[in-house]
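*Asks:* Pasting a structure below so you can have a look.
The values are calculated or read from the model by the stated rules, or taken from the named source; none is laboratory data. What you are looking at is a predicted structure, and each value in this text was computed from that prediction instead of being measured. Glycine gets a Cβ as well: all are built from the backbone with ideal geometry, and neighbour counts include every protein chain shown.
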Amino acid sequence: MSVPWPHEDGHVGFGPTGEDSTPRRDRGHTATGVVPGWPSARTSAEHSMLTASPAVLIVAHPGHELRVHGWLELARPRIFVLTDGSGRSGRSRLQSTRHVIAQVGATPGAIFGRFTDRVVYDAMLRRDMAWFIALVDELADCLAQERMGYVVGDAAEGYNPVHDLCRVVIDAAVALIDRGAGRALANFDFPLVGRPDAYGDSRPDGTIRLILDEAAFQRKLQRAFSYPELAEEVRAALDGRRHEIDSLQTAPERSATPDPWRQATSIDAFRVEYLRRINGRTTEAAFRDAPPFYERYGERQVALEYYREVIRYREHLRPLIEAIRHHGEAVS
Ligand SMILES: [Zn+2]
């Protein structure tokens with residue numbers, strides 16, 4: 001077996017105190033687009049956009065949804081999760097995510113933890129284009145059948161190859177809808193290991209910022225506490241060991257690596273959620289010259305004899321990405 005990459009990333013999310021029975025359309029619709037206790041978008045136009053049409057969340061792993069918990073409460077999306085989050089541990093996190101979904105009133109999609117991480121890694125190592133293209137087609141069919149209005153999903157950050165391919169698969173599925181059904185599906189990403197409250201200096205056009213009020217933030221925290229696989233991470237953040245809270249799960253590996261994820265992140269950063277509009281292609285240009293984090297991580301795992309082969313951007317990801325994009329652009 002092969003498959004070296006950070007087995008999972010510590011992501012922080014958080015949560016509500018109980019089921020809310022308010023219909024989605026009644027939430028947050030005041031003159032200003034803000035209702036106390038619910039996340040508020042910067043403008044009423046953005047807020048209306050987020051609640052006016054059915055939304056879908058597509059993520060690689062269970063737990064990612066907590067990063068956009070405020071948005072989950074607002075939009076109650078259909079949630080697709082590619083793997084069961086078992087990573088190298090073999091322990092599924094699906095049940096924890098199922099609980100989050102029930103509490104916010106969202107619903108699971110047709111693909112919900114269908115694969116183990118190992119299956120996806122092996123498909124990457126084989127450069128199995130047909131496997132990923134079948135996934136694109138299935139997702140596109142789901143999006144079309146349910147007439148989804150917009151898509152939110154993982155950002156490609158070079159941290160975990162499943163996250164990065166999840167993003168490419170989403171973009172290709174959206175491209176298929178745009179070309180086939182002739183309607184434009186708005187497409188957003190959100191960071192999983194990068195700071196949740198900033199996109200660096202550039203904030204691309206169309207980026208939506210949700211600022212959670214205190215009640216929504218507290219629900220988010222509570223939800224994260226009740227997510228067993230993430231509880232320690234959140235507790236550390238609240239204890240005042242608040243730096244690096246999104247890197248705790250892989251701390252030994254990461255602390256040895258001067259990488260961009262080792263940014264001090266206070267718990268307050270999670271009061272803000274950005275949905276970044278994807279306009280055209282997401283780019284991995286950053287990985288063309290310097291290997292992404294997952295390669296360096298994989299090299300260490302192979303050195304420790306946990307795995308036999310390193311998943312690499314040039315050898316594995318790039319050919320897959322090109323094939324998936326071509327599929328999205330070529331089929332109509
Ligand atoms: Zn993940």
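*Asks:* Please verify whether residue 197 is among the acidic types (Asp, Glu) and assigned to a loop (DSSP other than H, G, I, E, B), treating the condition exactly as stated.
*Replies:* yes
*Asks:* Looking at 123, 155, which is the one that is hydrophobic (A, V, I, L, M, F, W, C), touching a helix residue (DSSP H, G or I) at 6+ places or on another chain (Cβ under 7 Å) and without any contact (Cβ under 8 Å) to a residue 12 or more places away in the chain?
*Replies:* Answer to the selection: 123.
*Asks:* Could you pull out the residue among 124, 148 that is more than 16 Å from the ligand (Cβ to nearest atom) and in contact with a Pro (Cβ under 7 Å, 6 or more places away or on another chain)? Give the derivation first.
*Replies:* Numbers: 124 fails: more than 16 Å from the ligand (Cβ to nearest atom).
On inspection, the qualifying residue turns out to be 148.
*Asks:* Tell me yes or no: at least one residue of region 73-86 is at pLDDT below 95, in a helix (DSSP H, G or I) and surrounded by fewer than 24 Cβ atoms within 10 Å (Cβ to Cβ).
*Replies:* The answer is no, given that none of the residues of region 73-86 is at pLDDT below 95, in a helix (DSSP H, G or I) and surrounded by fewer than 24 Cβ atoms within 10 Å (Cβ to Cβ).
*Asks:* Further question on the same structure: Step by step: first the residues of region 92-135, then only those that are basic (Lys, Arg) and in a helix (DSSP H, G or I), then the one that is farthest from residue 319 (Cα to Cα). Which residue is that?
*Replies:* 98
*Asks:* Does residue 147 satisfy the criteria of being surrounded by fewer than 24 Cβ atoms within 10 Å (Cβ to Cβ), at positive phi and at pLDDT 95 or above?
*Replies:* No.
*Asks:* Can you tell me how many residues in region 296-313 are closer than 18 Å to residue 163 by Cβ, part of a helix (DSSP H, G or I) and among the basic types (Lys, Arg)?
*Replies:* 1
*Asks:* For residues that are over 20 Å from residue 207 (Cβ atoms), within 17 Å of the chain's Cα centre (by Cα) and among the β-branched types (Val, Ile, Thr), tally how many sit in region 117-167.
*Replies:* 3
*Asks:* Right, here's the next one. On the basis of being assigned to a helix (DSSP H, G or I), surrounded by fewer than 23 Cβ atoms within 10 Å (Cβ to Cβ) and in contact (Cβ under 8 Å) with a residue 12 or more places away in the chain, does residue 142 make the cut? Write out each step before concluding.
*Replies:* Values: assigned to a helix (DSSP H, G or I): yes; surrounded by fewer than 23 Cβ atoms within 10 Å (Cβ to Cβ): yes; in contact (Cβ under 8 Å) with a residue 12 or more places away in the chain: yes.
Yes: the conditions hold for residue 142.
*Asks:* Could you please let me know if residue 181 is within 16 Å of the ligand (Cβ to nearest atom) and either among the hydrophobic types (A, V, I, L, M, F, W, C) or on the phi > 0 side of the Ramachandran plot (or both)? I'd like the intermediate steps shown before the answer.
*Replies:* Numbers: within 16 Å of the ligand (Cβ to nearest atom): no; either among the hydrophobic types (A, V, I, L, M, F, W, C) or on the phi > 0 side of the Ramachandran plot (or both): yes.
The answer is no for residue 181.
*Asks:* Do the conditions hold for residue 112, that is, is it closer than 19 Å to residue 69 by Cα, touching a Ser or Thr at 6+ places or on another chain (Cβ under 9 Å), within 16 Å of the ligand (Cβ to nearest atom) and not polar (S, T, N, Q)?
*Replies:* Taking the combined requirement at face value, the residue satisfies it.
*Asks:* Write out, first by first residue and then by second, each pair whose Cβ atoms fall under 7 Å of each other, whose residues are 6+ apart or on separate chains, and whose first residue, in region 54-72, is within 12 Å of residue 152 (Cα to Cα) and part of a helix (DSSP H, G or I) while the second is within 13 Å of the ligand (Cβ to nearest atom) and charged (D, E, K, R).
*Replies:* Between residues of region 54-72 that are within 12 Å of residue 152 (Cα to Cα) and part of a helix (DSSP H, G or I) and residues that are within 13 Å of the ligand (Cβ to nearest atom) and charged (D, E, K, R), the close pairs are 64/154; 72/65.
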